[in-house]
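Working notes for the structure below.
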Amino acid sequence: MFGRIAPRYDLLNHLLSGQIDRYWRWRLVREVRPYLRMRGARVADFCCGTGDLALALGRERLRNRPSEGLPLLTTDFCRPMLQRAQQKMHRAGLACMLAEADASRMPLPDSCLDLIAIAYGFRNLANYRSAAREFARLLAPEGCLAILEFSRPTAHVWGGLFEVYFRHVLPRLGNAISGSGGAYSYLQESVRRFPAPEEVCDLLVEAGFARVETRSLTGGVSALYLAYR
Ligand SMILES: C[S@@+](CC[C@H](N)C(=O)[O-])C[C@H]1O[C@@H](n2cnc3c(N)ncnc32)[C@H](O)[C@@H]1O
């Protein structure tokens with residue numbers, strides 16, 4: 001499914017969100033700046049898709065540590081997505097190390113990363129609890145997991161408008177433009193099934209994170225979770 005939508009993924013992201021997706025990724029980058037400024041920080045973008053978050057992280061890192069040689073680990077389990085990420089990172093002159101891998105079972109040793117960032121990928125993982133435990137395993141002490149994920153606004157009018165848009169407009173437009181029968185219906189369904197922010201925080205604490213913070217973005221359409229080891 002992700003392979004089928006890869007060619008039009010960027011266009012649809014910006015179109016369906018009215019470009020607000022750029023702001024959401026920028027908010028994540030802003031919150032994790034202390035990690036991007038650290039000398040020798042080992043940074044990964046899991047479920048990277050076409051690489052927009054990796055680009056934003058890479059640019060911020062370059063701005064702060066121009067001589068930093070460590071490439072960003074950029075991973076996804078879908079090759080067509082990864083290939084697009086690779087082209088975009090290359091065009092931007094940013095060093096990255098690409099890996100085709102399942103984010104919930106990374107072939108990496110314990111405590112090998114300082115920052116794991118995931119934008120709109122966590123919701124797709126088969127088992128949130130075991131994936132969260134896997135991320136806790138990969139992070140070094142004081143490392144940070146930053147998850148950007150869709151949420152559902154609860155405010156009366158805004159929540160109602162969002163429901164109409166998300167349930168009726170987005171799947172139709174997305175399916176038609178992407179040429180994929182059901183990918184954008186899946187998006188709508190998967191957001192509906194995804195746990196509420198409080199439950200996400202609980203499962204991150206249960207997975208071994210010492211402190212978890214959330215930020216509600218755009219009236220609750222997206223949520224940013226920051227979980228610290
Ligand atoms: C909605 S896209 C998000 C892409 C990108 N992070 C962004 O911000 O636009 C979700 C991505 O997660 C990837 N993905 C889903 N499940 C995965 C898994 N178990 N392991 C690795 N990648 C996965 C998909 O291939 C897809 O590229």
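Coordinate-derived values only; no laboratory data. Since the model is a prediction, treat every value here as computed from it, not as a measurement. For neighbour counting, all protein chains shown are included, and Cβ atoms are generated from backbone atoms with ideal geometry for every residue, glycine included.
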Self-check item: Meets criteria (in contact (Cβ under 8 Å) with a residue 12 or more places away in the chain, surrounded by fewer than 19 Cβ atoms within 10 Å (Cβ to Cβ) and more than 15 Å from the chain's Cα centre (by Cα)) for Pro66
Solution: no
Practice problem: Considering only residues that are within 16 Å of the ligand (Cβ to nearest atom) and touching an Asp or Glu at 6+ places or on another chain (Cβ under 8 Å), look in the stretch 135-174 and name the one that is nearest to Cys201 (Cα to Cα). | Solution: Ala146
Quiz prompt | Residue check for Ala132: within 13 Å of Phe46 (Cβ to Cβ), out of contact with any Asp or Glu (no Cβ under 7 Å at 6 or more places or on another chain) and either touching a residue at least 24 places away in the same chain (Cβ under 8 Å) or not hydroxyl-bearing (Ser, Thr, Tyr) (or both) | solution = yes
Quiz item: Taking into account only those residues within the stretch 114-133 that are near the ligand (Cβ under 9 Å from one of its atoms) and of a type in the set (A, V, I, L, M), which is farthest from Tyr225 (Cα to Cα)?
Solution: Ala126
Self-check item: Matching option when the condition is touching a residue at least 12 places away in the same chain (Cβ under 8 Å), under 15 Å from Val221 (Cβ atoms) and assigned to a helix (DSSP H, G or I), among Arg137, Arg123
Solution: Arg123
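Taking the conditions exactly as written (farther than 21 Å from Arg215 by Cα and hydroxyl-bearing (Ser, Thr, Tyr)), does Tyr9 satisfy them or not?
Values: farther than 21 Å from Arg215 by Cα: yes; hydroxyl-bearing (Ser, Thr, Tyr): yes.
Yes; evaluated as a whole, the condition is true for this residue.
Does Ser151 satisfy the condition of being in contact with a Ser or Thr (Cβ under 9 Å, 6 or more places away or on another chain) and either within 23 Å of Ser17 (Cα to Cα) or surrounded by fewer than 16 Cβ atoms within 10 Å (Cβ to Cβ) (or both)?
Numbers: in contact with a Ser or Thr (Cβ under 9 Å, 6 or more places away or on another chain): yes; either within 23 Å of Ser17 (Cα to Cα) or surrounded by fewer than 16 Cβ atoms within 10 Å (Cβ to Cβ) (or both): yes.
Answer is yes for this residue.
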Practice problem: Kindly provide the set of residues from the stretch 1-22 that are surrounded by fewer than 16 Cβ atoms within 10 Å (Cβ to Cβ) and without any contact (Cβ under 8 Å) to a residue 40 or more places away in the chain, ordered by number. | Solution: His14, Gly18, Gln19, Arg22
